């Protein structure tokens, strides 16, 4: 029996099982088995996206300061959006699957170079290998932001289907990693600790112990510091989840009324556009900038004014002087002594070594 057949059997059993306290342990065990099977598919998809016969077009070199992937069903306007934003020449036509490879483009915004990737349209079952789904979603693993392009005429249906495919491949959209500490040890058994005020929402300690047993973990420390679900526990054990911001791009708004546009406005993390007429592309780019959380650092040569034309771009989580030095050149770190940090966002302008709050 193949991994896909086993996945289908487990999903069918989960659908038949009623959800209550008595079945929490059984459902948790099924989720653990499902995650292990899907992990094998994820690893195969990641290896397949690197190169070799049949995978050409997906091995695009990462350039610029950030990478953004366009994901959506066929004929939703991804290629048109890429062409309008970057000036690239991704083929556009009225039939499905016009784009068969990964087409890159680059645009500049606030001193940063943003690489935009037009990926082939995905179909249902992409996470299980249908079409070129594994290669498409594997490229999404390397992106700092995902744009889910939706046809405004049927956005909710497509949104749920794409979320299901990405979730099945281990990509968590607009979520933060659960505050759970997991550390293996050589002996001592399982030490499970709950922080005060935290609760287990759809599981209990016994079901967690069974899941650990399924992963063949007999000695470990598990500290739960949030209101955790069984999915959070399994994601922590797997350790290979991608937590990525996402924007839902509602394209083709020229085909709907103002009243329908007001209804679509209820969808979180969305931005309405019309790529063909270039409506609200500026709003999309501004929202992309906020979701990517990039920092602009301007350098001041000794005896000169700061250079405001060429900032150094860093992700918000890499906010140390050490990261800044490595971004310029690794040899700079060995020569570094002190740095003077100044600007409107700096709480205390002073000499510091390596670490500071903001630029």
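The values are calculated or read from the model by the stated rules, or taken from the named source; none is laboratory data. Fair warning: this is a prediction, and the values are worked out from it, not measured in the lab. Quick reminder, even Gly has a Cβ in these numbers, built from the backbone with ideal geometry, and neighbours come from all protein chains shown.
Overview of values
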quantity: Strands (runs of 3 or more DSSP E) contained entirely in the stretch 122-219, each with at least 3 residues that are in the same structural domain as residue 26 (by TED's automatic domain parsing) and modelled with pLDDT of 90 or more; calculated: 180-184, 190-194
quantity: Residues (in contact (Cβ under 8 Å) with a residue 40 or more places away in the chain and not in a strand (DSSP E or B)) located in the stretch 240-259; calculated: 240, 241, 245, 252, 253, 255, 256
quantity: Selection within the stretch 78-100 - in a loop (DSSP other than H, G, I, E, B), crowded, with 16+ Cβ neighbours inside 10 Å and at pLDDT 60 or above; calculated: 88, 90
quantity: Qualifying residues in the stretch 262-275 (those that are touching a helix residue (DSSP H, G or I) at 6+ places or on another chain (Cβ under 6 Å) and part of a loop (DSSP other than H, G, I, E, B)) - the one nearest to residue 174 (Cα to Cα); calculated: 273
quantity: Extreme residue, farthest from residue 225 (Cα to Cα), among residues of the stretch 236-252 that are crowded, with 19+ Cβ neighbours inside 10 Å and over 14 Å from the mean Cα position of the chain (by Cα); calculated: 252
quantity: Residue within the stretch 149-162 that is within 20 Å of residue 292 (Cα to Cα), surrounded by 22 or more Cβ atoms within 10 Å (Cβ to Cβ) and within 11 Å of the chain's Cα centre (by Cα) present; calculated: no
quantity: Check on residue 262, without any contact (Cβ under 8 Å) to a residue 12 or more places away in the chain and closer than 30 Å to residue 287 by Cα; calculated: yes
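Table: residues versus (1) in contact with a helix residue (DSSP H, G or I) (Cβ under 6 Å, 6 or more places away or on another chain); (2) without any contact (Cβ under 8 Å) to a residue 24 or more places away in the chain; (3) under 20 Å from residue 177 (Cα atoms); (4) surrounded by 17 or more Cβ atoms within 10 Å (Cβ to Cβ).
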| residue | (1), (2), (3), (4) |
| --- | --- |
| 193 | no, no, yes, no |
| 199 | no, no, yes, no |
| 203 | yes, no, yes, yes |
| 217 | no, no, no, no |
| 220 | no, no, yes, yes |
| 224 | no, no, yes, yes |
| 230 | yes, no, yes, yes |
